[in-house]
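Notes to accompany the following structure.
The values are calculated or read from the model by the stated rules, or taken from the named source; none is laboratory data. All of these numbers come straight from a predicted model, not from anything done at the bench. All Cβ positions, glycine included, derive from the backbone under ideal geometry; neighbour counts span all protein chains shown.
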Ligand SMILES: [Zn+2]
């Protein structure tokens, strides 16, 4: 199993509280021992803050447009790795 890919793929849902305890437990466990995914979690939290602000203006905080999400995510990643 690629733990990192699985954890990163579910991070956004985890942080939004969309995962049930059964699904989120292994991801939280992985996060606790993986610095790389902890970094990704930070990025994800920042992303959520930005997306939430953008979407309140746009229409609905619960449905960030994929393109906006991707654009912000790339810019955040670029900023942290620069
Ligand atoms: Zn990881």
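Scoring residue 1 on the criteria (1) assigned to a helix (DSSP H, G or I); (2) more than 16 Å from residue 70 (Cα to Cα); (3) modelled with pLDDT under 90 leaves a single failure, condition (1).
Candidates in the range 11-22 are the residues that are assigned to a helix (DSSP H, G or I) and surrounded by 13 or more Cβ atoms within 10 Å (Cβ to Cβ); of these, the one that is modelled with the lowest pLDDT is 12. Quick check on the range 53-68: of everything there that is surrounded by 13 or more Cβ atoms within 10 Å (Cβ to Cβ) and assigned to a helix (DSSP H, G or I), which residue is modelled with the highest pLDDT? The qualifying residue modelled with the highest pLDDT is 68.
Filtering the range 1-49 to residues that are away from the ligand (no atom under 11 Å from the Cβ) and touching a residue at least 24 places away in the same chain (Cβ under 8 Å) leaves 12, 15, 16, 42, 43, 44, 45, 46, 47, 48.
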